[in-house]
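> The structure's right below; bear with me while I get my questions together.
Every number here is computed from the coordinates shown, using simple stated rules; none is lab data. Computed from a prediction, not measured in an experiment: that's the story for all the values here. Glycine gets a Cβ as well: all are built from the backbone with ideal geometry, and neighbour counts include every protein chain shown.
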Amino acid sequence: MSKHTINGHIYWQMNKYMKEPQIGFIEYDIRQWRETDRDGRVHICEHSFEIDLPDDFDPREQQIAMLDAEIQQTRAEMHRRINELQEQKARLLAIEYVDAAS
């Protein structure tokens with residue numbers, strides 16, 4: 001196991017979309033934001049904590065799963081678009097019925 005220190009900031013947040021206040025942790029200092037961008041967040045303090053990371057940690061399996069999901073989503077979007085284009089093409093190629101008796 002190897003130890004890693006994570007530095008960040010504790011904040012309190014309450015806004016119109018929340019039913020009750022929340023306390024959270026982010027790695028960057030929200031005090032650097034403009035007042036209008038804070039979304040109800042109030043800085044409480046800086047904080048650090050340590051985690052133990054297994055020596056054999058390998059993120060590739062999770063990264064591959066994320067890429068597979070993105071590939072599936074992209075493939076579905078591509079198929080939807082191709083179907084739209086094929087519909088447009090079919091409408092242009094459709095033979096219009098003209099009644100010979102008229």
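> Taking the mean number of other Cβ atoms within 10 Å as a proxy for protection, how do you rank 52-58, 75-81 from highest to lowest?
Answer by packing, highest mean first, reads 75-81, 52-58.
> Roughly how tilted is helix 60-93, in degrees to the nearest 10 and between 0 and 90, from the longest Cα axis of the chain?
With both axes taken from Cα atoms, the answer is about 20 degrees.
> Putting +1 on Lys and Arg Cβ atoms and -1 on Asp and Glu Cβ atoms, find which of TYR17, LEU92, MET78 reaches farthest to the positive end of the dipole of the chain.
Most positive-ward Cα: LEU92.
> Using unit Cβ charges (K, R positive; D, E negative) and no other charged atoms, how large, in debye to the nearest 20, is the dipole of the chain about its Cα centre? Present the calculation step by step, with values, prior to reporting the outcome.
Working: 13 positive and 20 negative charges, 104 e Å.
Charge dipole of the chain: 500 debye, to the nearest 20.
> What are the residues whose amide H is under 5 Å from the amide H of GLY40, where those residues sit 5 or more places off or on another chain and H is modelled from the backbone?
Residues meeting the amide H criterion: none.
> With mean projected area of the Cα convex hull in nm² in mind, check [x] 6.2; [y] 7.9; [z] 15.0 and report the label derived from this structure.
Given [x] 6.2; [y] 7.9; [z] 15.0, the structure-derived one carries the label [z].
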